[in-house]
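Colleague: First, the structure itself, so that you have it in front of you.
The values are calculated or read from the model by the stated rules, or taken from the named source; none is laboratory data. Note that the structure is a prediction, hence the values are computed from the model and not measured. Positions of Cβ are backbone-derived with ideal geometry, glycine not excepted, and every protein chain shown enters the neighbour counts. Note: accessible area is taken over every heavy atom of the protein model, side chains too, but ligands, DNA and RNA are not part of it. Shrake-Rupley method; radii C 1.70, N 1.55, O 1.52, S 1.80 Å.
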Amino acid sequence: MSRSRIAIVGANFAGLSAAQRLGSRYDVTVIDRSPWFEWRPNIHELVSGVKRPADLRLPRSRLVAQAGHRFLRAEVASIDARAGRITTTGDRQVEFDACIVAVGGASCTFGVAGADRHALPLKTVDDGVAIGRRLAALMRERGRKSVVIVGGGLEGVEVLGEILRRYRDRESLAISVVEAGPRLMPGSPPALDASVRAHCAGRNLRILTGTTVKSVTRGRVHLHSGKSIRTDLTIWSAGATAPALLAKSRLADKPHHWAPVTKALQSRRFDNVFVAGDAATLPRPVARQAYYAMQMGQCAAENAMRALAGRRLREFIPEPKPMLVAFGDLDTFLVSGRSVIASSTLAAAKELVFQVTMAQIDPPVRVAPLLALTGRVARSAARLQAPRR
Ligand SMILES: Cc1cc2nc3c(=O)[nH]c(=O)nc-3n(C[C@H](O)[C@H](O)[C@H](O)COP(=O)(O)OP(=O)(O)OC[C@H]3O[C@@H](n4cnc5c(N)ncnc54)[C@H](O)[C@@H]3O)c2cc1C
């Protein structure tokens, strides 16, 4: 009897967790445009040099092969759920009985004129490397320099911390953070905003909350207030939007909308499609975080198998977990509900979460992953103790 075919589109936190949950009873094809699994929650550390790309990447082909499946490196152009067919931009076709969509989110400039062209996004390892290089080049030049971070959410605050870790002794560097909400990390407890501001006091640094950007040009960020800020480097960390593939494949109603799913992560449009991770919108939405994406990936895989067997689907029940927010080497915050604990010693806990989860994703059962793990731990420990200046 031929095995049921399951296709997974997107193989980062959600997609890879789904692949690792599916057994060899299924004929599984895992598709991603990039050859690397990327640990996105720490990409801000590429900016200071505390992490290198090799610390945050794992080869997808090996991880998928270890799970017993086939990896296809390709850009998915469309998913035809009714026909059970995926088409890639290279016109390859992959047929499926069930599909798990885990395409995450895309950087969003909200139509702000010039932002795509004149600001650097912070979504991938390559983005973090590009920002780190540009910053290092600027610091080698003479004269006063200005960096503008657009978006004072989690990503904006963490990248600010890394810039301060590496360059806070440079008096020629001015930094501005522009945030549309009333405070930094608007969804988090107000104590977090106050703690970050306390670390920034007395530095050449401005935090402009309740402020929106109208346009970005080569050397200036223009605000809706009519004012503008001179800039040598603009970092865009102002949010994410749904990938175009979701609406194009009719998994979402409109462009830039996330894919609505049931409590069991089944698409509200097609019974043979499950959506996991950042791309999904649950009836009661959960935070777009790596930890939830992994949990959702496992649940989507379980439910894809149940659907193929004609069994009842399992409800996705998020297991709440505190969030660790790093502010360079100045502080780390543990956010749990409405409470915040701040201590620079929590940096070790954040690093431990990273190392342990990487080891779960890439279990060191063979010599190569074991060497990679010990190398990652040794490099991280050395750089966290003595960051490059
Ligand atoms: C700077 C930053 C800091 C963060 N900090 C934290 C943190 O501290 N804690 C936390 O929990 N979370 C954090 N997050 C959020 C976390 O990274 C996301 O929630 C998580 O990556 C979502 O996982 P995912 O698998 O749903 O999607 P992603 O990780 O976005 O993966 C989607 C995958 O789909 C692939 N893909 C997309 N479209 C296609 C296509 N058409 N064809 C082929 N492949 C495709 C992509 O290549 C990618 O590999 C942070 C994110 C950023 C950017």
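Colleague: Taking V325 as meeting all but one of (1) within 16 Å of the ligand (Cβ to nearest atom); (2) at positive phi, write down the number of the exception.
Modeller: (2)
Colleague: Given the conditions (1) among the aliphatic types (A, V, I, L, M); (2) out of contact with any Pro (no Cβ under 9 Å at 6 or more places or on another chain); (3) outside any loop (DSSP other than H, G, I, E, B), and given that L46 satisfies all but one, which numbered condition is not satisfied?
Modeller: Only one criterion is unmet by L46, namely (2).
Colleague: Step by step: first the residues of segment 227-249, then only those that are within 15 Å of the ligand (Cβ to nearest atom) and out of contact with any helix residue (DSSP H, G or I) (no Cβ under 8 Å at 6 or more places or on another chain), then the one that is farthest from V178 (Cα to Cα). Which residue is that?
Modeller: Kept after step one, since they are within 15 Å of the ligand (Cβ to nearest atom), are these residues of segment 227-249: 235-249.
Narrowing the set further to residues that are out of contact with any helix residue (DSSP H, G or I) (no Cβ under 8 Å at 6 or more places or on another chain) leaves 239, 241, 244-245, 247-249.
Working: G239: 13, T241: 19, A244: 27, L245: 30, A247: 31, K248: 33, S249: 35 Å.
Among those residues, the one meeting the criterion is S249.
Colleague: Let me ask something additional. Out of the residues in segment 305-322 that are touching a residue at least 40 places away in the same chain (Cβ under 8 Å) and surrounded by 13 or more Cβ atoms within 10 Å (Cβ to Cβ), which is nearest to the ligand (Cβ to nearest atom)?
Modeller: Within segment 305-322, the match that is nearest to the ligand (Cβ to nearest atom) is F316.
Colleague: Any idea how many residues of segment 71-96 are within 12 Å of the ligand (Cβ to nearest atom), open to solvent by 50 Å² or more (accessible area, probe 1.4 Å) and in a loop (DSSP other than H, G, I, E, B)?
Modeller: Number satisfying all stated conditions: 4.
Colleague: Can you tell me which residue in segment 262-279 is surrounded by the most Cβ atoms within 10 Å (Cβ to Cβ), limited to those that are under 19 Å from A11 (Cα atoms) and free of Cβ contacts under 8 Å to residues at least 60 places away in the same chain?
Modeller: Within segment 262-279, the first condition is being under 19 Å from A11 (Cα atoms), and the residues that meet it are 265-267, 272-279.
Subsequent filtering for residues that are free of Cβ contacts under 8 Å to residues at least 60 places away in the same chain retains 265-266.
Details: L265: 30, Q266: 21.
Result: L265.
Colleague: Follow-up question, since we're still on this one. Would you pick out the residues in segment 173-191 that are at pLDDT 95 or above and either of a type outside the set (D, E) or over 21 Å from the mean Cα position of the chain (by Cα) (or both)?
Modeller: L173, A174, I175, S176, V177, V178, A180, G181, P182, R183, L184
Colleague: Go through segment 50-62 and report how many residues are in a helix (DSSP H, G or I), buried (at least 22 other Cβ atoms within 10 Å of the Cβ) and touching a helix residue (DSSP H, G or I) at 6+ places or on another chain (Cβ under 7 Å).
Modeller: 2
Colleague: Also, I was wondering about something else. For the condition in contact (Cβ under 8 Å) with a residue 40 or more places away in the chain and over 21 Å from R230 (Cα atoms), what is the one hit in R197, R165?
Modeller: Of the residues listed, the single one that is in contact (Cβ under 8 Å) with a residue 40 or more places away in the chain and over 21 Å from R230 (Cα atoms) is R165.
Colleague: When residues of segment 97-114 are filtered for being under 30 Å from S215 (Cα atoms), more than 16 Å from the ligand (Cβ to nearest atom) and crowded, with 19+ Cβ neighbours inside 10 Å, how many remain?
Modeller: Going through segment 97-114 one residue at a time, the tally reaches 1.
Colleague: Still on this structure, I have one more. So I175 passes all but one of these: (1) among the aliphatic types (A, V, I, L, M); (2) closer than 30 Å to L282 by Cβ; (3) free of Cβ contacts under 8 Å to residues at least 40 places away in the same chain. Which condition number does it fail?
Modeller: Going through (1) among the aliphatic types (A, V, I, L, M); (2) closer than 30 Å to L282 by Cβ; (3) free of Cβ contacts under 8 Å to residues at least 40 places away in the same chain one by one, I175 breaks only (2).
Colleague: Also, I was wondering about something else. Sort out for me the strands (runs of 3 or more DSSP E) sitting completely within segment 185-270 that have 2 or more residues that are of a type in the set (V, I, T) and touching a strand residue (DSSP E or B) at 6+ places or on another chain (Cβ under 8 Å).
Modeller: 213-216, 233-236
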